[in-house]
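Asks: Structure provided below as structure tokens; questions to follow.
The values are calculated or read from the model by the stated rules, or taken from the named source; none is laboratory data. Nothing here was measured: the structure is a model prediction, and the numbers come from that model. With ideal geometry, Cβ positions are generated from the backbone for all residues, glycine too; neighbour counts draw on all protein chains shown.
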Amino acid sequence: MLKNKNIILGVCGSIAAYKSAFLVRLLVKAGANVKVILTPDGANFITPLTLATLSKNPVYTQYFEEETGVWSNHVELGLWADLIIIAPISANTLAKLATGICDNLLTAVYLSAKCPVYVAPAMDLDMWKHETTQNNIERIIGFGNTVIAPANGELASGLWGEGRMAEPEEIVSFLDNAIKESMPLYGKKIMVTAGPTYEAIDPVRFIGNHSSGKMGFAIADELAKLGAEVTLIAGPTAQKAGQRLRRVDVVSAREMFDACTSVFPESDITVMCAAVADYRPKQIATQKIKKQDSGLVLELEKTTDILASLGAVKKTHQILVGFALETNDEENYAKGKLEKKNLDLVILNSLNDTGAGFKSDTNKITIFNKALERTVFDMKSKTDVAKDICTAILKIAK
Ligand code: CTP
């Protein structure tokens, strides 16, 4: 689970900082990219050289390194991280996290980061039991952080009790499990289609549509974040796919059909978001069609309905999700497509809703399930719509 994850390890002033060396080692061994931020007091307990050698990365201690003139950008570091683990976290840094005090690089990175944050406290038992510390713990949990509880045992003071930092092996397995839980689609293979198709008329012209691909790309990204192995089959679009996706580029409906039929048998879940052309020119001119005095009649033939053909061969363990883009009698058409194409969910887009459909950054959807139960959603950003679609998929995925 930790493989290729970008992890910031914060190390504070506590004797347990010696265990951070083992923690770095275990994280690196698990395949993570680790960058260590040492607080000024942390540097009294363990040297940057030890942590830099083990993490194979420079250790960050302050915003500005006078000798090298290097400025550490806390915002960039925060955004780089897939997760932050502060181990050990002292009572002092805990209090700073609880109140937003931001007087060193670690606390600035914490405030800038958008990723999950885990803390493993280490302190003497009375400091740990103190009402202030316990209030601070409650507060940072309330902010969405996760506390890896300290253990009972002999403390540096010679006293016995709660306050020993969790062992590095326990921290690593805690993180591993937490990531697993945040990835309910781990191990699932998912195919998503996105964008328009272009149907050639001659070497320079085509019939296409206004689909931007934004919705399909957002869905593919969200599904990958939930742990799925996503293959994104994309028509011509300027969208950039996230690193986690396997992207297959196609141009025409025929190419999309070929790509889909080869990936579908291995797919547990399929989401067909592409705006596939329903018709293509019957003949593609090999030379550019020259302008004539008279009009031009193009004969079109039907393309294969990819979604319907996948629905026809779908196995019971496979989930198939389709879209319905409508301008009138929307709900009936959407329900008709659900049944006719053998879908598990249909996502209705009505072009009558402002902010819905092609090109815009927002969308408004209604989802119907197999029992024809309807869930209506507000207008949202396409990223949030993608999250709603993923939630609906999760409800029916085993
Ligand atoms: N679709 C497909 N292959 C096609 C046409 C559509 O796979 N040749 C899929 C789309 O990706 C979408 C669903 O079918 O998931 C519905 O597409 P839509 O354009 O709304 O409807 P159509 O089935 O094409 O019917 P109509 O154009 O008559 O509304």
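Asks: Could you figure out which of (1) in a loop (DSSP other than H, G, I, E, B); (2) at pLDDT below 95; (3) within 15 Å of the ligand (Cβ to nearest atom); (4) not basic (Lys, Arg) isn't true of Leu325?
Replies: The one condition Leu325 does not meet is (1).
Asks: Right, here's the next one. Would a scan of segment 219-228 turn up a residue that is in contact with a strand residue (DSSP E or B) (Cβ under 7 Å, 6 or more places away or on another chain) and within 15 Å of the ligand (Cβ to nearest atom)? Let's see the steps before the verdict.
Replies: We begin by selecting, within segment 219-228, every residue in contact with a strand residue (DSSP E or B) (Cβ under 7 Å, 6 or more places away or on another chain); these are 219-220, 223-224, 228.
Among the residues that remain, those that are also within 15 Å of the ligand (Cβ to nearest atom) are: 219-220.
Among the residues of segment 219-228, at least one is in contact with a strand residue (DSSP E or B) (Cβ under 7 Å, 6 or more places away or on another chain) and within 15 Å of the ligand (Cβ to nearest atom), which makes the answer yes.
Asks: What residue, of Asp384, Asp378, Asp388, is more than 14 Å from the ligand (Cβ to nearest atom), in the same structural domain as Met272 (by TED's automatic domain parsing) and either of a type in the set (Val, Ile, Thr) or assigned to a loop (DSSP other than H, G, I, E, B) (or both)?
Replies: It is Asp378.
Asks: Hand me the list of strands (runs of 3 or more DSSP E) wholly inside segment 250-305 holding 3 or more residues that are buried (at least 20 other Cβ atoms within 10 Å of the Cβ) and within 15 Å of the ligand (Cβ to nearest atom).
Replies: Details: elements: 269-272, 279-281, 300-302.
Because the criterion is at least 3 residues that are buried (at least 20 other Cβ atoms within 10 Å of the Cβ) and within 15 Å of the ligand (Cβ to nearest atom), the strands (runs of 3 or more DSSP E) in segment 250-305 that meet it are 269-272.
To keep it simple, each residue is scored yes or no on (1) touching an Asp or Glu at 6+ places or on another chain (Cβ under 7 Å); (2) under 16 Å from Leu372 (Cα atoms); (3) in the same structural domain as Ala277 (by TED's automatic domain parsing).
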site	(1), (2), (3)
Asp305	no, no, yes
Ser309	no, no, yes
Lys315	no, no, yes
Val321	yes, yes, yes
Glu326	no, no, yes
Lys337	no, yes, yes
Val346	no, yes, yes
Ser350	yes, no, yes
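Asks: Name the residues in segment 348-375 that are part of a loop (DSSP other than H, G, I, E, B), of a type outside the set (A, V, I, L, M) and crowded, with 18+ Cβ neighbours inside 10 Å, would you?
Replies: Of all residues in segment 348-375, those part of a loop (DSSP other than H, G, I, E, B) come to 351-361, 364, 370-373.
Now narrow it down to the ones that are of a type outside the set (A, V, I, L, M): 352-355, 357-361, 364, 370, 373.
Listed by number, the residues that qualify are Gly357, Lys364.
Asks: If a residue must be touching a residue at least 40 places away in the same chain (Cβ under 8 Å), part of a loop (DSSP other than H, G, I, E, B) and touching a Leu at 6+ places or on another chain (Cβ under 7 Å), how many such residues does segment 64-122 contain?
Replies: 1
Quick grid of which residues meet (1) touching a Ser or Thr at 6+ places or on another chain (Cβ under 8 Å); (2) surrounded by fewer than 15 Cβ atoms within 10 Å (Cβ to Cβ):
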{"site": "Val28", "(1), (2)": "yes, no"}
{"site": "Lys35", "(1), (2)": "yes, no"}
{"site": "Pro48", "(1), (2)": "yes, no"}
{"site": "Leu54", "(1), (2)": "no, no"}
{"site": "Tyr63", "(1), (2)": "yes, yes"}
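Asks: Right, here's the next one. State all residues of segment 110-141 that are of a type in the set (Ser, Thr, Tyr) and within 24 Å of Gln62 (Cβ to Cβ); if no residue qualifies, say none. Don't jump to the end; show me each part of the working.
Replies: So the first thing to find is which residues in segment 110-141 are of a type in the set (Ser, Thr, Tyr), and the list is 110, 112, 118, 132-133.
Tyr110, Ser112, Tyr118 - these are the residues of segment 110-141 that are of a type in the set (Ser, Thr, Tyr) and within 24 Å of Gln62 (Cβ to Cβ).
Asks: While we're looking at this one, here's another question. Out of the residues in segment 307-322 that are within 12 Å of the ligand (Cβ to nearest atom) and under 28 Å from the mean Cα position of the chain (by Cα), which is surrounded by the most Cβ atoms within 10 Å (Cβ to Cβ)?
Replies: Among residues in segment 307-322 that are within 12 Å of the ligand (Cβ to nearest atom) and under 28 Å from the mean Cα position of the chain (by Cα), the one surrounded by the most Cβ atoms within 10 Å (Cβ to Cβ) is Gly322.
Asks: Quickly run through segment 167-203 and pick out the residues that are of a type outside the set (Val, Ile, Thr), part of a helix (DSSP H, G or I) and in contact with a strand residue (DSSP E or B) (Cβ under 9 Å, 6 or more places away or on another chain). Break it down into steps so the answer makes sense when it comes.
Replies: Step one: list which residues in segment 167-203 are of a type outside the set (Val, Ile, Thr), which gives 167-170, 173-178, 180-189, 191, 194-196, 198-200, 202-203.
Now narrow it down to the ones that are part of a helix (DSSP H, G or I): 168-170, 173-178, 180-181.
Across segment 167-203, the qualifying residues are Pro168, Glu170, Phe174, Leu175, Ala178.
Asks: Quickly run through segment 215-243 and pick out the residues that are crowded, with 23+ Cβ neighbours inside 10 Å, over 13 Å from Ala386 (Cβ atoms) and not hydrophobic (A, V, I, L, M, F, W, C).
Replies: Across segment 215-243, the qualifying residues are Thr231, Gly235.
Asks: Could you please give the count of residues in segment 190-202 that are over 12 Å from Glu255 (Cα atoms) and touching a Lys or Arg at 6+ places or on another chain (Cβ under 6 Å)?
Replies: Looking only at that region, the number is 1.
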